[in-house]
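Asker: One structure coming up, written as C-alpha coordinates, with questions to follow.
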Amino acid sequence: MMIYYTKSGQTLADLCNEIQLENPEYLKEFHNRNCSLSERFEGDIVQGMKIYIPSSTEIFELNKKIRDHNQSFYDFPAKGKFPFDFKLWEGTYQITQISYSDDTILAKYENKVRLDLEGIKNGHYHFLFSVFDFRKNEDTSDTKVDTLAKMCIEVIYPIRYIIDTEGKLIDIVLTKKTEDIVSELDSIKNFFPDQYSSDYIEKMKGIVGSSEIISHKFKNTLFNSFMFSEFYRTKLGSWTNSNVYYDFYPWIFDVQPIRFEFQNILSSKDIVDDERVRIWQKGISIDNRNLEGLHFTDSKFDEKTDIEKKPIDCEHFAEYLFNRENLSLYKIEARFQYFGNENIKREVFLLERITDNY
(Lines give C-alpha, C1' and ligand atoms only; values in the text may rest on other atoms or scores of the structure.)
Protein backbone atom coordinates (compact mmCIF):
# COMPACT_ATOMS: atom_id res chain seq x y z
CA MET A 1 0.00 0.00 0.00
CA MET A 2 1.18 3.53 -0.84
CA ILE A 3 0.09 7.10 -0.05
CA TYR A 4 -0.72 9.41 -2.96
CA TYR A 5 -1.72 13.11 -3.03
CA THR A 6 -4.16 14.01 -5.80
CA LYS A 7 -3.45 16.62 -8.48
CA SER A 8 -5.48 19.55 -9.77
CA GLY A 9 -8.32 18.48 -12.06
CA GLN A 10 -7.66 14.79 -11.47
CA THR A 11 -10.64 12.45 -11.16
CA LEU A 12 -10.90 9.06 -9.52
CA ALA A 13 -11.14 7.51 -12.99
CA ASP A 14 -7.95 9.34 -14.06
CA LEU A 15 -6.13 7.98 -11.04
CA CYS A 16 -7.35 4.44 -11.73
CA ASN A 17 -6.07 4.77 -15.28
CA GLU A 18 -2.65 5.79 -13.97
CA ILE A 19 -2.37 2.81 -11.62
CA GLN A 20 -4.19 0.48 -14.09
CA LEU A 21 -7.08 -0.44 -11.83
CA GLU A 22 -10.20 -1.40 -13.80
CA ASN A 23 -12.99 -0.02 -11.58
CA PRO A 24 -12.82 3.31 -9.63
CA GLU A 25 -15.24 2.08 -6.95
CA TYR A 26 -12.70 -0.55 -5.89
CA LEU A 27 -10.07 2.16 -5.33
CA LYS A 28 -12.55 4.15 -3.24
CA GLU A 29 -13.38 1.05 -1.18
CA PHE A 30 -9.69 0.22 -0.76
CA HIS A 31 -8.95 3.74 0.48
CA ASN A 32 -11.93 3.88 2.86
CA ARG A 33 -10.98 0.48 4.27
CA ASN A 34 -7.42 1.55 5.06
CA CYS A 35 -7.75 5.21 6.05
CA SER A 36 -8.96 6.91 9.21
CA LEU A 37 -12.66 7.79 9.59
CA SER A 38 -11.94 11.46 8.86
CA GLU A 39 -10.22 10.59 5.55
CA ARG A 40 -13.08 8.59 4.03
CA PHE A 41 -14.94 10.00 1.04
CA GLU A 42 -17.99 9.08 -1.04
CA GLY A 43 -17.90 11.35 -4.11
CA ASP A 44 -14.99 12.09 -6.42
CA ILE A 45 -11.52 13.15 -5.34
CA VAL A 46 -10.40 16.78 -5.06
CA GLN A 47 -6.97 18.38 -5.30
CA GLY A 48 -4.60 17.62 -2.45
CA MET A 49 -6.48 14.64 -1.02
CA LYS A 50 -4.41 11.89 0.57
CA ILE A 51 -5.36 8.60 -1.09
CA TYR A 52 -4.24 5.13 -0.07
CA ILE A 53 -3.15 3.29 -3.21
CA PRO A 54 -2.90 -0.52 -3.48
CA SER A 55 0.44 -2.07 -4.38
CA SER A 56 0.99 -3.69 -7.78
CA THR A 57 0.26 -7.11 -6.30
CA GLU A 58 -2.93 -5.82 -4.70
CA ILE A 59 -3.97 -4.16 -7.97
CA PHE A 60 -3.53 -7.48 -9.78
CA GLU A 61 -5.72 -9.21 -7.21
CA LEU A 62 -8.35 -6.44 -7.30
CA ASN A 63 -8.52 -6.55 -11.11
CA LYS A 64 -9.05 -10.31 -10.98
CA LYS A 65 -11.89 -9.80 -8.53
CA ILE A 66 -13.35 -7.01 -10.72
CA ARG A 67 -13.34 -9.27 -13.80
CA ASP A 68 -14.76 -12.24 -11.88
CA HIS A 69 -17.73 -10.05 -10.97
CA ASN A 70 -18.03 -8.57 -14.52
CA GLN A 71 -17.45 -5.08 -13.14
CA SER A 72 -14.52 -3.93 -15.28
CA PHE A 73 -14.79 -0.56 -17.00
CA TYR A 74 -12.55 -1.87 -19.78
CA ASP A 75 -12.99 -4.66 -22.30
CA PHE A 76 -9.47 -5.75 -23.05
CA PRO A 77 -9.33 -8.10 -26.06
CA ALA A 78 -7.61 -11.46 -25.91
CA LYS A 79 -3.91 -11.11 -26.76
CA GLY A 80 -4.41 -7.37 -27.29
CA LYS A 81 -6.33 -7.58 -30.57
CA PHE A 82 -10.06 -7.16 -31.16
CA PRO A 83 -11.57 -9.96 -33.29
CA PHE A 84 -13.41 -7.74 -35.80
CA ASP A 85 -15.71 -9.70 -38.12
CA PHE A 86 -15.62 -7.64 -41.30
CA LYS A 87 -18.64 -9.42 -42.75
CA LEU A 88 -20.60 -7.20 -40.36
CA TRP A 89 -19.44 -4.09 -42.23
CA GLU A 90 -22.36 -4.70 -44.62
CA GLY A 91 -24.93 -1.93 -44.41
CA THR A 92 -25.81 1.65 -45.29
CA TYR A 93 -23.85 4.56 -43.84
CA GLN A 94 -24.43 8.29 -43.69
CA ILE A 95 -21.31 10.38 -44.31
CA THR A 96 -21.00 14.05 -43.40
CA GLN A 97 -17.89 16.14 -43.99
CA ILE A 98 -17.60 19.80 -43.03
CA SER A 99 -14.75 22.10 -44.07
CA TYR A 100 -13.79 25.08 -41.90
CA SER A 101 -11.45 28.04 -42.04
CA ASP A 102 -10.95 28.80 -38.37
CA ASP A 103 -14.55 28.69 -37.11
CA THR A 104 -16.18 29.62 -40.43
CA ILE A 105 -17.93 26.82 -42.32
CA LEU A 106 -16.79 26.76 -45.94
CA ALA A 107 -18.83 23.77 -47.13
CA LYS A 108 -20.82 20.81 -45.87
CA TYR A 109 -20.95 17.62 -47.94
CA GLU A 110 -23.23 14.65 -47.32
CA ASN A 111 -23.85 11.34 -49.02
CA LYS A 112 -24.84 7.79 -48.26
CA VAL A 113 -22.69 4.72 -48.86
CA ARG A 114 -23.88 1.15 -49.29
CA LEU A 115 -21.81 -2.01 -48.75
CA ASP A 116 -23.40 -5.32 -49.75
CA LEU A 117 -21.58 -8.55 -48.98
CA GLU A 118 -21.37 -10.37 -52.29
CA GLY A 119 -19.62 -13.42 -50.89
CA ILE A 120 -16.25 -14.88 -49.88
CA LYS A 121 -13.83 -15.96 -52.59
CA ASN A 122 -10.26 -17.22 -52.18
CA GLY A 123 -10.35 -16.22 -48.53
CA HIS A 124 -11.32 -12.61 -49.29
CA TYR A 125 -14.56 -10.76 -48.65
CA HIS A 126 -16.20 -9.32 -51.76
CA PHE A 127 -18.40 -6.26 -51.19
CA LEU A 128 -20.46 -4.29 -53.70
CA PHE A 129 -19.93 -0.59 -53.04
CA SER A 130 -22.10 2.32 -54.18
CA VAL A 131 -22.64 5.97 -53.23
CA PHE A 132 -25.86 7.95 -53.53
CA ASP A 133 -27.93 10.86 -52.16
CA PHE A 134 -25.27 13.53 -52.65
CA ARG A 135 -25.88 16.85 -50.92
CA LYS A 136 -23.93 20.07 -50.54
CA ASN A 137 -24.76 22.57 -47.82
CA GLU A 138 -27.83 20.45 -46.97
CA ASP A 139 -29.34 20.81 -50.44
CA THR A 140 -29.48 18.37 -53.33
CA SER A 141 -27.43 20.17 -55.95
CA ASP A 142 -29.07 20.48 -59.34
CA THR A 143 -26.39 22.50 -61.13
CA LYS A 144 -25.36 21.25 -64.54
CA VAL A 145 -21.86 20.30 -63.41
CA ASP A 146 -23.07 18.37 -60.36
CA THR A 147 -25.80 16.61 -62.32
CA LEU A 148 -23.27 15.54 -64.96
CA ALA A 149 -20.88 14.21 -62.31
CA LYS A 150 -23.63 12.25 -60.54
CA MET A 151 -24.89 10.71 -63.79
CA CYS A 152 -21.39 9.61 -64.73
CA ILE A 153 -20.57 8.11 -61.35
CA GLU A 154 -23.90 6.27 -61.18
CA VAL A 155 -22.97 4.53 -64.44
CA ILE A 156 -19.86 3.09 -62.77
CA TYR A 157 -21.51 1.81 -59.57
CA PRO A 158 -21.59 -0.69 -58.04
CA ILE A 159 -17.89 -1.43 -57.88
CA ARG A 160 -16.36 -4.39 -56.06
CA TYR A 161 -14.25 -4.07 -52.93
CA ILE A 162 -12.00 -7.01 -52.09
CA ILE A 163 -10.73 -7.12 -48.50
CA ASP A 164 -8.86 -9.79 -46.55
CA THR A 165 -9.90 -11.31 -43.22
CA GLU A 166 -7.87 -8.63 -41.39
CA GLY A 167 -9.90 -5.86 -43.03
CA LYS A 168 -7.19 -4.74 -45.46
CA LEU A 169 -8.48 -3.38 -48.78
CA ILE A 170 -6.76 -5.57 -51.38
CA ASP A 171 -8.30 -4.27 -54.60
CA ILE A 172 -11.15 -2.31 -56.17
CA VAL A 173 -12.52 -3.47 -59.51
CA LEU A 174 -15.43 -2.74 -61.82
CA THR A 175 -18.44 -5.05 -61.83
CA LYS A 176 -19.62 -4.01 -65.30
CA LYS A 177 -17.85 -4.58 -68.59
CA THR A 178 -15.74 -1.61 -69.61
CA GLU A 179 -17.40 -1.38 -73.02
CA ASP A 180 -20.85 -1.26 -71.40
CA ILE A 181 -19.80 1.59 -69.11
CA VAL A 182 -18.26 3.47 -72.05
CA SER A 183 -21.49 3.04 -74.02
CA GLU A 184 -23.58 4.40 -71.13
CA LEU A 185 -21.21 7.34 -70.69
CA ASP A 186 -21.49 8.18 -74.39
CA SER A 187 -25.28 8.19 -74.09
CA ILE A 188 -25.03 10.93 -71.43
CA LYS A 189 -23.68 13.26 -74.12
CA ASN A 190 -27.22 13.42 -75.49
CA PHE A 191 -28.21 15.35 -72.36
CA PHE A 192 -25.07 17.52 -72.25
CA PRO A 193 -23.94 18.38 -75.80
CA ASP A 194 -21.48 21.15 -74.79
CA GLN A 195 -17.71 20.82 -75.07
CA TYR A 196 -17.04 20.89 -71.30
CA SER A 197 -19.37 17.95 -70.72
CA SER A 198 -17.87 16.06 -73.64
CA ASP A 199 -14.35 16.55 -72.23
CA TYR A 200 -15.50 15.45 -68.78
CA ILE A 201 -17.12 12.30 -70.15
CA GLU A 202 -14.00 11.48 -72.16
CA LYS A 203 -11.96 11.85 -68.98
CA MET A 204 -14.29 9.40 -67.19
CA LYS A 205 -13.93 6.95 -70.08
CA GLY A 206 -10.16 7.13 -69.66
CA ILE A 207 -10.49 6.32 -65.96
CA VAL A 208 -12.70 3.26 -66.43
CA GLY A 209 -10.36 2.01 -69.12
CA SER A 210 -7.53 1.58 -66.62
CA SER A 211 -7.83 -0.84 -63.69
CA GLU A 212 -4.83 0.83 -62.04
CA ILE A 213 -6.46 4.28 -62.17
CA ILE A 214 -9.77 2.87 -60.93
CA SER A 215 -8.10 1.28 -57.92
CA HIS A 216 -6.08 4.41 -57.13
CA LYS A 217 -9.00 6.83 -57.53
CA PHE A 218 -11.39 4.91 -55.31
CA LYS A 219 -8.90 3.75 -52.66
CA ASN A 220 -7.80 7.24 -51.65
CA THR A 221 -10.99 8.28 -49.86
CA LEU A 222 -11.66 9.03 -46.22
CA PHE A 223 -14.36 6.36 -46.17
CA ASN A 224 -11.86 3.66 -47.15
CA SER A 225 -9.22 5.04 -44.77
CA PHE A 226 -11.58 4.80 -41.82
CA MET A 227 -13.15 1.47 -42.79
CA PHE A 228 -10.13 -0.60 -43.90
CA SER A 229 -7.03 0.91 -42.26
CA GLU A 230 -4.21 -0.24 -39.99
CA PHE A 231 -6.37 0.88 -37.08
CA TYR A 232 -8.10 -2.53 -37.02
CA ARG A 233 -4.88 -4.53 -37.23
CA THR A 234 -3.02 -2.81 -34.38
CA LYS A 235 -2.73 -4.48 -30.97
CA LEU A 236 -3.13 -2.84 -27.59
CA GLY A 237 -0.09 -2.77 -25.36
CA SER A 238 -0.04 -3.70 -21.69
CA TRP A 239 -2.86 -1.31 -20.76
CA THR A 240 -5.17 0.93 -22.85
CA ASN A 241 -2.63 2.30 -25.35
CA SER A 242 -1.79 0.49 -28.56
CA ASN A 243 1.56 0.08 -30.21
CA VAL A 244 2.57 2.99 -32.44
CA TYR A 245 1.73 2.46 -36.12
CA TYR A 246 1.76 4.42 -39.37
CA ASP A 247 -0.81 5.05 -42.09
CA PHE A 248 -1.92 7.54 -44.75
CA TYR A 249 -5.17 9.58 -44.67
CA PRO A 250 -6.44 11.79 -47.57
CA TRP A 251 -7.77 14.67 -45.48
CA ILE A 252 -7.06 17.42 -48.01
CA PHE A 253 -9.05 17.25 -51.24
CA ASP A 254 -7.24 16.44 -54.47
CA VAL A 255 -3.77 15.91 -52.95
CA GLN A 256 -1.80 12.83 -51.96
CA PRO A 257 -2.71 11.29 -48.57
CA ILE A 258 -0.68 12.50 -45.58
CA ARG A 259 1.34 10.02 -43.51
CA PHE A 260 0.68 10.01 -39.76
CA GLU A 261 2.12 8.33 -36.70
CA PHE A 262 -0.85 6.87 -34.82
CA GLN A 263 -1.71 5.43 -31.46
CA ASN A 264 -5.06 3.95 -30.37
CA ILE A 265 -6.44 4.35 -26.86
CA LEU A 266 -9.18 2.12 -25.47
CA SER A 267 -11.66 4.31 -23.62
CA SER A 268 -13.25 3.24 -20.34
CA LYS A 269 -16.97 2.52 -20.24
CA ASP A 270 -19.37 5.24 -19.15
CA ILE A 271 -21.19 2.59 -17.14
CA VAL A 272 -20.41 -1.08 -16.52
CA ASP A 273 -23.08 -2.26 -19.01
CA ASP A 274 -22.24 0.35 -21.66
CA GLU A 275 -23.37 -0.93 -25.09
CA ARG A 276 -20.46 0.62 -27.00
CA VAL A 277 -16.74 -0.03 -27.23
CA ARG A 278 -14.96 3.29 -27.75
CA ILE A 279 -11.47 3.58 -29.15
CA TRP A 280 -9.68 6.89 -29.69
CA GLN A 281 -7.18 7.33 -32.50
CA LYS A 282 -4.60 10.10 -32.24
CA GLY A 283 -2.28 10.97 -35.09
CA ILE A 284 0.57 13.43 -35.63
CA SER A 285 2.05 14.12 -39.04
CA ILE A 286 5.43 12.62 -39.88
CA ASP A 287 5.13 13.60 -43.55
CA ASN A 288 8.04 15.87 -44.52
CA ARG A 289 6.72 16.68 -47.99
CA ASN A 290 5.39 20.22 -48.42
CA LEU A 291 1.71 20.72 -49.12
CA GLU A 292 2.35 21.99 -52.65
CA GLY A 293 4.28 18.84 -53.47
CA LEU A 294 1.36 16.65 -52.42
CA HIS A 295 -0.60 17.93 -55.42
CA PHE A 296 1.66 15.96 -57.76
CA THR A 297 0.57 12.37 -58.37
CA ASP A 298 4.18 11.16 -58.40
CA SER A 299 4.82 12.62 -54.94
CA LYS A 300 5.83 9.72 -52.71
CA PHE A 301 6.63 9.64 -49.01
CA ASP A 302 10.16 8.47 -48.28
CA GLU A 303 11.26 8.43 -44.65
CA LYS A 304 14.92 8.18 -45.71
CA THR A 305 14.93 11.52 -47.60
CA ASP A 306 14.65 15.08 -46.34
CA ILE A 307 14.84 13.88 -42.74
CA GLU A 308 15.82 17.36 -41.53
CA LYS A 309 12.65 18.94 -42.94
CA LYS A 310 9.78 19.63 -40.61
CA PRO A 311 6.67 17.51 -41.18
CA ILE A 312 3.42 19.03 -42.43
CA ASP A 313 1.94 20.84 -39.44
CA CYS A 314 -1.33 19.00 -38.89
CA GLU A 315 -3.05 16.60 -36.51
CA HIS A 316 -5.72 13.89 -36.63
CA PHE A 317 -8.14 12.73 -33.96
CA ALA A 318 -10.94 10.15 -34.26
CA GLU A 319 -13.30 8.26 -32.01
CA TYR A 320 -14.53 4.85 -33.18
CA LEU A 321 -17.64 3.32 -31.63
CA PHE A 322 -18.48 -0.38 -31.97
CA ASN A 323 -21.40 -2.43 -30.72
CA ARG A 324 -20.09 -4.33 -27.71
CA GLU A 325 -21.97 -7.56 -28.50
CA ASN A 326 -20.29 -8.32 -31.83
CA LEU A 327 -17.91 -5.36 -32.50
CA SER A 328 -19.84 -4.26 -35.60
CA LEU A 329 -19.11 -0.66 -36.54
CA TYR A 330 -21.58 1.87 -35.15
CA LYS A 331 -20.10 5.33 -35.69
CA ILE A 332 -16.86 7.20 -36.38
CA GLU A 333 -16.32 10.86 -35.51
CA ALA A 334 -13.06 12.42 -36.69
CA ARG A 335 -11.40 15.78 -37.12
CA PHE A 336 -8.31 17.13 -38.86
CA GLN A 337 -6.49 20.42 -38.34
CA TYR A 338 -3.84 21.98 -40.57
CA PHE A 339 -1.82 24.90 -39.18
CA GLY A 340 0.26 25.77 -42.23
CA ASN A 341 -1.62 28.93 -43.26
CA GLU A 342 -2.67 32.11 -41.49
CA ASN A 343 -6.03 30.46 -40.92
CA ILE A 344 -6.43 27.04 -39.34
CA LYS A 345 -7.94 24.63 -41.84
CA ARG A 346 -10.25 22.06 -40.22
CA GLU A 347 -12.13 19.07 -41.55
CA VAL A 348 -14.77 17.21 -39.56
CA PHE A 349 -15.81 13.74 -40.71
CA LEU A 350 -18.78 11.77 -39.39
CA LEU A 351 -19.75 8.24 -40.46
CA GLU A 352 -22.88 6.67 -38.99
CA ARG A 353 -24.52 3.32 -39.69
CA ILE A 354 -28.15 4.00 -40.57
CA THR A 355 -29.36 0.42 -41.05
CA ASP A 356 -30.82 -1.57 -38.18
CA ASN A 357 -28.59 -4.60 -38.76
CA TYR A 358 -25.94 -5.28 -36.10
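Asker: Name the residue, out of ILE181, ILE156, ILE162, ILE170, that is open to solvent by 60 Å² or more (accessible area, probe 1.4 Å) and either of a type in the set (Ser, Thr, Tyr) or without any contact (Cβ under 8 Å) to a residue 60 or more places away in the chain (or both). Give the derivation first.
Answerer: Values: ILE181 fails: open to solvent by 60 Å² or more (accessible area, probe 1.4 Å); ILE156 fails: open to solvent by 60 Å² or more (accessible area, probe 1.4 Å); ILE162 fails: open to solvent by 60 Å² or more (accessible area, probe 1.4 Å).
Residue meeting the stated conditions: ILE170.
Asker: Listed residues ASN190, ASN122; which is free of Cβ contacts under 8 Å to residues at least 60 places away in the same chain, surrounded by fewer than 17 Cβ atoms within 10 Å (Cβ to Cβ), among the polar types (S, T, N, Q) and within 30 Å of PHE228 (Cα to Cα)?
Answerer: Values: ASN190 fails: within 30 Å of PHE228 (Cα to Cα).
Unique residue meeting the criteria: ASN122.
Asker: Within segment 247-261, is even one residue out of contact with any helix residue (DSSP H, G or I) (no Cβ under 8 Å at 6 or more places or on another chain), among the acidic types (Asp, Glu) and within 17 Å of PRO77 (Cα to Cα)?
Answerer: The initial filter retains those residues of segment 247-261 that are out of contact with any helix residue (DSSP H, G or I) (no Cβ under 8 Å at 6 or more places or on another chain), namely 253, 259-261.
Filter once more, so that each one left must be among the acidic types (Asp, Glu): 261.
Within this subset, residues satisfying the condition of being within 17 Å of PRO77 (Cα to Cα) are none.
The answer is no, given that none of the residues of segment 247-261 is out of contact with any helix residue (DSSP H, G or I) (no Cβ under 8 Å at 6 or more places or on another chain), among the acidic types (Asp, Glu) and within 17 Å of PRO77 (Cα to Cα).
Asker: Further question: Return the residues of segment 309-352 that are over 29 Å from PRO77 (Cα atoms), part of a strand (DSSP E or B) and touching a Gly at 6+ places or on another chain (Cβ under 8 Å); say none if nothing qualifies.
Answerer: CYS314
Asker: Also, quick follow-up: Among residues belonging to segment 229-258 that are in a strand (DSSP E or B) and under 30 Å from LYS217 (Cβ atoms), point out the one that is most open to solvent (accessible area, probe 1.4 Å).
Answerer: Of segment 229-258, the ones in a strand (DSSP E or B) are 236, 241-242, 245-249, 258.
Restricting the remaining residues to those that are under 30 Å from LYS217 (Cβ atoms) gives 245-249, 258.
On the way: TYR245: 16, TYR246: 98, ASP247: 29, PHE248: 77, TYR249: 1, ILE258: 2 Å².
Among residues in segment 229-258 that are in a strand (DSSP E or B) and under 30 Å from LYS217 (Cβ atoms), the one most open to solvent (accessible area, probe 1.4 Å) is TYR246.
Asker: Can you tell me which residue within segment 267-308, out of those that are among the polar types (S, T, N, Q), assigned to a loop (DSSP other than H, G, I, E, B) and modelled with pLDDT of 85 or more, is most open to solvent (accessible area, probe 1.4 Å)? Step through it out loud before you land on a result.
Answerer: Restricting attention to segment 267-308, the residues satisfying the condition of being among the polar types (S, T, N, Q) are 267-268, 281, 285, 288, 290, 297, 299, 305.
Adding the requirement that they be assigned to a loop (DSSP other than H, G, I, E, B) leaves 267-268, 288, 290, 297, 299, 305.
Next, from what is left, pick out any that are modelled with pLDDT of 85 or more: 267-268, 288.
Working: SER267: 22, SER268: 42, ASN288: 23 Å².
Among them, the one singled out is SER268.
Asker: Related question: Could you list all residues from segment 207-227 that are open to solvent by 40 Å² or more (accessible area, probe 1.4 Å) and not aliphatic (A, V, I, L, M)?
Answerer: Here is the first cut: in segment 207-227, the residues open to solvent by 40 Å² or more (accessible area, probe 1.4 Å) are 209, 211-213, 216-217, 219-221.
Residues satisfying the conditions are GLY209, SER211, GLU212, HIS216, LYS217, LYS219, ASN220, THR221.
The values are calculated or read from the model by the stated rules, or taken from the named source; none is laboratory data. Computed from a prediction, not measured in an experiment: that's the story for all the values here. Note that each Cβ is placed from the backbone with ideal geometry, even for glycine, and that neighbours are counted across all protein chains shown. Remember, those area values only see protein heavy atoms, side chains included, never the ligands or the DNA or RNA. Shrake-Rupley method; radii C 1.70, N 1.55, O 1.52, S 1.80 Å.
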